[in-house]
1. Tell me which residues come under 5 Å, amide H to amide H, from V92 once H is placed; ignore anything under 5 positions away on its chain.
2. Do the sum for the chain: with -39,500 (n - 2.57) for every DSSP H run of n ≥ 4, divided by all residues, what is the mean residue ellipticity at 222 nm, to the nearest 500 deg cm²/dmol?
3. Roughly how far apart, in whole Å, are the Cα centres of the stretch 3-54 and the stretch 122-194?
4. What angle do you read, to the nearest 10 degrees and between 0 and 90, between the alpha-carbon axis of helix 98-109 and the longest principal axis of the chain?
5. Using DSSP to define loop residues, name the trypsin sites (Lys or Arg not before Pro) in the stretch 1-52 whose beta-carbon has at most 13 other beta-carbon atoms within 10 Å.
6. Considering the values [x] 8, 27, 23, 19, 13, 7, 2, 1, 0; [y] 9, 38, 39, 14, 1, 0; [z] 9, 35, 34, 17, 6, 0, which represents P(r) over Cα pairs in 10 Å bins from 0, in percent as calculated for the structure under consideration?
7. Would you grab the residues whose amide H sits under 5 Å from the one on H135? Only those 5+ places off in sequence or on another chain, please, with H modelled 1.01 Å from N.
8. Taking H as built 1.01 Å from N, whose amide H comes closer than 5 Å to the amide H of D50, not counting residues under 5 places away?
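Quick note: the coordinates plus some simple rules give every number you see, no bench work behind them. Quick caveat, the model's predicted, so the values are computed rather than measured. Don't worry about glycine lacking a Cβ; one is built from the backbone with ideal geometry, like all the others, and counts go over all protein chains shown.
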Amino acid sequence: MPVKQEQVMAVPREDLEGVFNRPFVRVAEWIMHNTLCSAFFGDRESLEHDPRYKQIIPYILIRRGSTLLCYERKGSEKRLTGLLSIGVGGHVNPGETILSAAYRELHEEVKGRLPGFLQFAGLLNEEETDVGKHHVGVVYTLDISKETKVASNESALRNLRFESVDSLYDKREQMELWSRICIEHYSNIFLNPV
C-alpha cells in the first residue's frame, strides 16, 4: 500500500508579489487573509521543489519581560540544524486554519502553562535561503509572565532558554535567517514595549 503524503497549506508565489518590499512587513490581519486567500493544500514533498508555490508556516515568538525564547535547532530539518532560533512553528495541515496550526505547533514544541492569546504581527518572506525560497512565515507573538516556566517538548529544540533582546541581536549571525529578520525588526514586531 502506498504511503500517504503529508498535505500542507501553500500559496501561489505570484500572490506574494507586490506585498513585500522588505523581508518583514507589518500588515493588518485582514490584509494577510486577502494575500493568502488562494491558499490550498498540496503534497509537501512536491511543494518543496516547486518554485511556483510557497508553504505557509506560522512562526511564533515568545517574549517574557524583556527576553525572548531561543534555542539551537537540531532534528530532521537539516537546512536549519545547529542554528540559533527565536521562533517556533511549522506547517498548516488539512482541517486547520493558520491560527489553529500556530496553537498546535506551539503546544507540540513548548510545554508550560502558556496563555491562550497569540497576537498576529505580520508576514515574513525571504528568497536568500533554500527554506525561504519555499516557505512564507505568518508571524505571531506571545507575551508570557515572568513566572511562567517553559521547557522543550521536542528533541529538535536544544538548550531552550530566554535571553535579552540585546544579547540575541549580538548573536544574530548565528541565527537562522527568519530569526535574524525578526530580531532586526523587533520593535516593529512587538509594538507594545515592556
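1. Long-range HN contacts for V92: M9, I56.
2. Working: 7 runs with 46 residues, N = 194.
Taking each H run of at least 4 residues, the total per residue is -5500 deg cm²/dmol.
3. 20
4. Result, in degrees: 50.
5. Numbers: sites: K4, R13, R26, R44, R52; in loops: K4, R26, R52.
Passing sites in the stretch 1-52 are K4, R52.
6. Among [x] 8, 27, 23, 19, 13, 7, 2, 1, 0; [y] 9, 38, 39, 14, 1, 0; [z] 9, 35, 34, 17, 6, 0, the one calculated here is [y].
7. Answer set, sorted by chain and number: Q55.
8. Residues meeting the criterion, in which the H sits 1.01 Å from N, do not exist here.
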